[in-house]
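Contents: one structure, followed by commentary.
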Amino acid sequence: MKDLSVKIKLWVLVIISIIAILVLSIDKIFYGMAIKENIQITKYRILEAEALAKAVHFLQIERGLSVGFIANSGTKGSNEIHSIRKEVDNATSEIKRVFIITNGDISVLNPLNDLNSRRTSIDTLSINNSDLVEYYSKAIKTLLDATLIIPPLIDDKDGRNIIQAYTHLASVKEALGRIRANLNGAFTKDIFTDNAYFAFGGSLGAYNINLEKFKVLSSKEIQNFYESTYKGEAVDKTVAMMNIAKEKGMKGGFGVDSSAWFEYATASIDLLRKVELELYRNVYKLADDKIKEANYSLMLIVFVSILIIVALLISGYFVIENITKNISTFQQGLLSFFSFLSRETSNSQSINISSKDEFGQMAVVINKNISRAEAQMVADENFIQNVKEVMHRVENGWFSQHIEASTDNIGLLELKTIVNQALTNLRANFVLMNNTLEEYCNYDYTKELKIDNIESDGVFD
């Protein structure tokens, strides 16, 4: 790593950042996909619950019509029974279709395998109401039990709460369906037979308990829809007739028309079915909204990740190019200066960086020092050249010469002072010698030659 160029090292940092972003983005994407898959599974569970609810609804109606058919010895309700049987068959086919899509357990329909034989028994009046109610109620219970295990399979809290609310609503409908079948026979005969009264009491209790649980678990929106839907003449008449049956009890003598009871009870169940359908519409919307939200989150993660990576690449490219360019400019400026120092060139180039960053600030400082050093070297060069010229003249006997050039170099200035002083002393000594020699030439030997400022090495002593 230490042997790599600065440019490569910077690109390594950029690439590491991009890899880190990719890893985090992929993790977020997989997390988002897991959420989306979980919501899709939730939607599958809702599809199963809805299909089961539809079958339960029509089985409840078929049960009630069948009880009335037998109670009237087959004289009433034949057309209605055949019509509702088609609805049940379509609902069971829908369950099979949905469970194939969701990989659900189709064995939930096993209790309905002998449904056609039971229907034949009903048509031939060869089955009593107790066995008939028990058969249908068992089949319906199996479907409801399959619905009850759906909420724990849902991880989404909101969807789970709605399905739990539905299970209690379905139990309300089932309890009312049993009451409808039970009282249909009781009102037809104007008395409870066998254990019908106790069965009615149990169903009535289940009806009231599950209705309260449904209200507690359902959302405010569903509660409002329930309160605005489950009311009116049908509900009032249904409750009134149930109260009559409860008050009269085993004594009988209800004085209630069984067909009117069945009509009002069915209308009440239909109202509960509307609430049920609204509940499913609500939970489907919730699931679809969450899937859209998950898709949006995934798209946002992908878009932001791509945007960040592209921004990193573009900004990294320009930043790295700027840094390497500045380094190259620094390198060229310093090499030019070093070439000047080593006398390879006659001048040096300044570092041409005009930015206000650290590179620009360092360039200003270095350029000032290069200019100062260059000026100093030029001055020193001029000084040395002046020294050469003076010494050359001295060599030729021009002792009146002095070094005139100046420099900021303290050592050279000291040399200038010493040389100039030496030349001054040397010239004075030569003048003295010349004057003395002239006196000697005039036969005046009275003057003595005394030369100051000369230290003898013993040669001329």
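The values are calculated or read from the model by the stated rules, or taken from the named source; none is laboratory data. If you're wondering where the values come from, they're calculated on a predicted model, not measured in any experiment. A quick note on method: Cβ atoms are made from the backbone with ideal geometry, for glycine too, and the neighbour counts reach across all protein chains shown. Calculation scope for accessible area: heavy atoms of the full protein, side chains included, ligands and nucleic acids excluded. Shrake-Rupley method; radii C 1.70, N 1.55, O 1.52, S 1.80 Å.
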For this session: Test LEU298 against the criterion of being of a type outside the set (Val, Ile, Thr) and either open to solvent by 70 Å² or more (accessible area, probe 1.4 Å) or without any contact (Cβ under 8 Å) to a residue 60 or more places away in the chain (or both), and give yes or no.
Result: no
For this session: Filter the range 201-255 down to residues that are of a type outside the set (Gly, Ala, Ser) and within 50 Å of the chain's Cα centre (by Cα), then give me how many there are.
Result: 23
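Rundown of residues vs (1) assigned to a helix (DSSP H, G or I); (2) of a type in the set (Asp, Glu); (3) more than 25 Å from LEU22 (Cβ to Cβ), yes/no style:
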| residue | (1), (2), (3) |
| --- | --- |
| LEU313 | yes, no, no |
| LEU334 | yes, no, yes |
| GLU344 | no, yes, yes |
| VAL364 | yes, no, yes |
Seminar exercise, completed: Scanning the range 266-295 for residues that are modelled with pLDDT of 85 or more and in contact with a Ser or Thr (Cβ under 8 Å, 6 or more places away or on another chain), the one surrounded by the fewest Cβ atoms within 10 Å (Cβ to Cβ) turns out to be LYS274
For this session: Filter the range 38-56 down to the residues that are under 30 Å from ASP123 (Cα atoms) and open to solvent by less than 10 Å² (accessible area, probe 1.4 Å), then identify the one that is nearest to the chain's Cα centre (by Cα).
Result: ALA51
Exercise. Would you pick out the residues in the range 377-402 that are modelled with pLDDT of 80 or more and assigned to a loop (DSSP other than H, G, I, E, B)?
Worked result: HIS402
Seminar exercise, completed: Checked against (1) closer than 24 Å to VAL6 by Cβ; (2) open to solvent by 100 Å² or more (accessible area, probe 1.4 Å), PHE303 satisfies every condition except (1)
Problem set entry | Odd one out for THR324 among (1) of a type in the set (Val, Ile, Thr); (2) more than 39 Å from the chain's Cα centre (by Cα); (3) in a helix (DSSP H, G or I) | (2)
Seminar exercise, completed: Of the residues in the range 320-344, those that are open to solvent by 80 Å² or more (accessible area, probe 1.4 Å) and either touching a Leu at 6+ places or on another chain (Cβ under 8 Å) or of a type in the set (S, T, N, Q) (or both) come to GLN331, GLN332
For this session: Report whether or not LEU112 is open to solvent by 10 Å² or more (accessible area, probe 1.4 Å), in contact with a helix residue (DSSP H, G or I) (Cβ under 7 Å, 6 or more places away or on another chain) and under 19 Å from THR266 (Cα atoms).
Result: no
Exercise. For the range 365-377, which residues satisfy the criterion of being surrounded by 14 or more Cβ atoms within 10 Å (Cβ to Cβ) and either among the charged types (D, E, K, R) or over 18 Å from SER406 (Cα atoms) (or both)?
Worked result: ILE366, ASN367, ILE370, GLU374
Problem set entry | Residue in the range 141-149 that is on the phi < 0 side of the Ramachandran plot, part of a helix (DSSP H, G or I), surrounded by 17 or more Cβ atoms within 10 Å (Cβ to Cβ) and at pLDDT 85 or above present | yes
For this session: Report whether or not GLU80 is open to solvent by 70 Å² or more (accessible area, probe 1.4 Å) and either acidic (Asp, Glu) or more than 23 Å from ASN184 (Cβ to Cβ) (or both).
Result: yes
Exercise. More than 24 Å from the chain's Cα centre (by Cα), in contact (Cβ under 8 Å) with a residue 40 or more places away in the chain and under 30 Å from LYS220 (Cβ atoms): does that describe LEU277?
Worked result: no
For this session: Return yes when ILE244 is more than 17 Å from GLY185 (Cα to Cα) and either touching a residue at least 60 places away in the same chain (Cβ under 8 Å) or not charged (D, E, K, R) (or both) and no when it is not.
Result: no
For this session: Select, from SER137, SER130, SER93, SER121, the only residue that is in a helix (DSSP H, G or I), at pLDDT below 90 and surrounded by fewer than 19 Cβ atoms within 10 Å (Cβ to Cβ).
Result: SER130
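Can you pull out the helices (runs of 4 or more DSSP H) entirely within the range 179-265 that have at least 2 residues that are out of contact with any Lys or Arg (no Cβ under 9 Å at 6 or more places or on another chain) and buried (at least 19 other Cβ atoms within 10 Å of the Cβ)? Walk me through how you get there before you give the answer.
Values: elements: 196-217, 220-229, 233-248.
The qualifying helices (runs of 4 or more DSSP H) are 196-217, 233-248.
Residue under question is ASN352, and the condition is that it be in contact with a Ser or Thr (Cβ under 8 Å, 6 or more places away or on another chain), under 30 Å from VAL419 (Cα atoms) and open to solvent by 80 Å² or more (accessible area, probe 1.4 Å); does it hold? If you could, list the steps in order and put the result at the bottom.
Details: in contact with a Ser or Thr (Cβ under 8 Å, 6 or more places away or on another chain): yes; under 30 Å from VAL419 (Cα atoms): no; open to solvent by 80 Å² or more (accessible area, probe 1.4 Å): yes.
Spelling it out, it is not the case that ASN352 is in contact with a Ser or Thr (Cβ under 8 Å, 6 or more places away or on another chain), under 30 Å from VAL419 (Cα atoms) and open to solvent by 80 Å² or more (accessible area, probe 1.4 Å).
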Problem set entry | Cβ pairs under 7 Å, 6+ apart, first in the range 346-357 and modelled with pLDDT under 70, second of a type outside the set (A, V, I, L, M, F, W, C) | none
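Please verify whether LYS28 is without any contact (Cβ under 8 Å) to a residue 40 or more places away in the chain and either among the basic types (Lys, Arg) or open to solvent by less than 40 Å² (accessible area, probe 1.4 Å) (or both), treating the condition exactly as stated.
For LYS28, the condition - without any contact (Cβ under 8 Å) to a residue 40 or more places away in the chain and either among the basic types (Lys, Arg) or open to solvent by less than 40 Å² (accessible area, probe 1.4 Å) (or both) - is not met.
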